[in-house]
Structures are given as structure tokens and as C-alpha cells.
Amino acid sequence: MEANLRSPIGNRIKRLWRSAREAPRASEGFTLIEVLVALAILGVSLATLLGVFSQSLEYTSRTRTETEARTLAQSLLAETGDGAQLHIGETSGSTSSGLSWRVLVRPYNREPQNSWPVEAVTVTALVAWKESGQQKMLSLDTLRLMPKAPAS
């Protein structure tokens with residue numbers, strides 16, 4: 001057997017065998033440290049992305065609720081209509097989505113109105129809702145004219 005290994009082909013096989021045993025094992029895969037570092041980087045990246053997505057969802061929900069409240073308040077002001085339908089006082093209610101609302105019609109007391117042929121009133125639409133355990137409120141005001149009540 002030794003005679004065969006001393007031949008040129010045998011010497012070549014011997015050199016290949018020796019070089020294969022002494023060669024670095026880079027082609028065998030990743031080391032444990034490389035895998036752990038990669039997992040740590042992946043974990044930090046995923047935690048950051050999760051935080052960004054969570055904040056984005058919270059902001060979207062908050063914006064949707066605020067938009068719904070603003071739309072409701074504008075709708076309530078539009079429903080007050082012209083002055084013929086207005087009455088001094090307060091109306092309230094709530095929606096199925098958890099928004100509560102009030103419409104206040106109050107006399108406009110900024111200047112004397114005795115000589116005016118109509119009465120000026122302030123119409124205020126208040127919309128309230130709970131967000132993250134806190135009470136939030138939106139208020140829209142407008143000035144409307146209504147016929148004066150007949151003098152008695």
C-alpha cells in the first residue's frame with residue numbers, strides 16, 4: 001500500500017488529503033457567534049419596527065376619532081339651519097361610536113341689540129370622547145341670526 005502512495009498519483013492524493021484537513025472550514029457554515037450576532041441585530045430591528053407600527057396605529061386611531069368628532073360638530077352646526085328654527089337652549093345626545101355631543105344656543109351679548117330687527121345668537125357644538133383614559137373635547141362656534149321674539 002505504501003508503494004502506491006509514493007507514486008506521483010499517491011503523492012498527489014496525500015497532498016490533497018493533508019490540505020483538506022488543514023484548510024479553514026469556511027464553507028461548512030456560520031459559527032455560533034455569527035448566528036447570535038445576527039439574531040441580536042434582527043431582534044433589535046424587529047423591536048424598533050414594532051414600536052413604529054404601534055405608534056402609527058395609535059396615531060391613525062386618534063386621527064380617525066378626531067375627524068369623526070369634527071365632522072359631527074360641523075354637522076350639528078349645519079343642522080341648526082336658518083334662524084327660524086333656532087331656539088335658545090341646549091340639546092344633547094350621543095353616537096354609537098362613543099361620541100357625546102351638545103348644541104348650545106345662547107344670546108349674543110357683545111353689544112346692545114335693541115335696535116336690531118333680528119336677534120343674534122351664538123351656536124356652539126361640543127363633542128366629547130374618551131381617548132387613552134382622558135376626556136377630550138372639541139368645540140365649534142358660529143353666529144346666527146334669528147327673528148326676535150314678539151314683545152309681550
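The values are calculated or read from the model by the stated rules, or taken from the named source; none is laboratory data. Quick caveat, the model's predicted, so the values are computed rather than measured. A quick note on method: Cβ atoms are made from the backbone with ideal geometry, for glycine too, and the neighbour counts reach across all protein chains shown.
Quick check, is ARG70 in a helix (DSSP H, G or I), touching a strand residue (DSSP E or B) at 6+ places or on another chain (Cβ under 9 Å), closer than 30 Å to LYS136 by Cα and at pLDDT 90 or above?
Working: in a helix (DSSP H, G or I): yes; touching a strand residue (DSSP E or B) at 6+ places or on another chain (Cβ under 9 Å): yes; closer than 30 Å to LYS136 by Cα: yes; at pLDDT 90 or above: yes.
Taking the combined requirement at face value, the residue satisfies it.
Kindly indicate the residue of segment 73-87 that is surrounded by 10 or more Cβ atoms within 10 Å (Cβ to Cβ) and aliphatic (A, V, I, L, M) and also modelled with the highest pLDDT among those meeting that condition. The selected residue is ALA73. Residues of segment 88-102 that are more than 17 Å from SER139 (Cα to Cα), out of contact with any helix residue (DSSP H, G or I) (no Cβ under 7 Å at 6 or more places or on another chain) and surrounded by 10 or more Cβ atoms within 10 Å (Cβ to Cβ): ILE88 alone.
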